[in-house]
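Trainee: Take a look at this one; I'll ask things after.
FYI, it's all coordinate maths here, none of it is from the lab. In this text the structure is predicted, and so the values were computed from the model without any measurement. With ideal geometry, Cβ positions are generated from the backbone for all residues, glycine too; neighbour counts draw on all protein chains shown.
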Amino acid sequence: MAKHLDLGRKGELIAKTHLLNLGYEILDENWTYGKAEVDIIAWKNSVIIFTEVKARTGTGFGQPEDFVDNRKQKLLADAADEYIYLMNHQGEVRFDIISILFKGENYTLKHIEDAFWPTA
């Protein structure tokens, strides 16, 4: 497997553990709809949380969370709409980003709750 894919999977596992430690329930992982993939779909306090995980080894091109651009937000929103429809969810939803910056075997994690609200 390519190194960037290994890094991504490692980041997603760290993010999942982080969410579980905070009391989130994981509903789905790597859920796809069309061209979109939602890394983690979680549940806490009657809210469905669509979580995008971004893992990087450096900041030469920006912080990991900077890579969740408008196009990605639109894809996530479309996937979320379908998921909400399929689950018949009538409550709140939220879009979070978990940013992980690796430095060797160490890392820093930034959990940005309510990171964006996609526009139409």
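Trainee: Run the numbers for Asn45 and Lys72: contour at 0.36 nm per residue of separation, minus the present Cα-Cα distance, in nm.
Mentor: 7.1 nm
Trainee: Further question: By how many nm would the segment from Thr32 to Gln63 grow when fully extended, if each residue of separation counts as 0.36 nm and the alpha-carbon distance is taken off?
Mentor: Once the chain is fully extended between Thr32 and Gln63, it gains 8.7 nm.
Trainee: Lys and Arg at +1, Asp and Glu at -1: add these up for the other residues within a Cβ distance under 14 Å of Val38 and post the number.
Mentor: Spelling it out: positives minus negatives among the neighbours equals -4.
Trainee: Would you list Phe61, Phe102, Phe95, Phe50 from fewest to most Cβ contacts within 10 Å?
Mentor: Phe61, Phe102, Phe95, Phe50
Trainee: Taking Cα atoms, how many degrees apart are the long axis of helix 70-87 and the longest axis of the chain, rounded to 10 and kept between 0 and 90?
Mentor: Helix 70-87 and the main axis of the chain meet at about 40 degrees.
Trainee: What are the lysines whose alpha-carbon lies under 16 Å from the alpha-carbon of Lys10, with same-chain residues fewer than 8 places away excluded?
Mentor: Cross-link targets: Lys54, Lys103, Lys110.
Trainee: Moving on. Loop only by DSSP, 14 or fewer other Cβ within 10 Å of the Cβ. Give me the trypsin sites (Lys or Arg not before Pro) in segment 1-109 that pass, ordered by residue number.
Mentor: The qualifying sites are Lys35.
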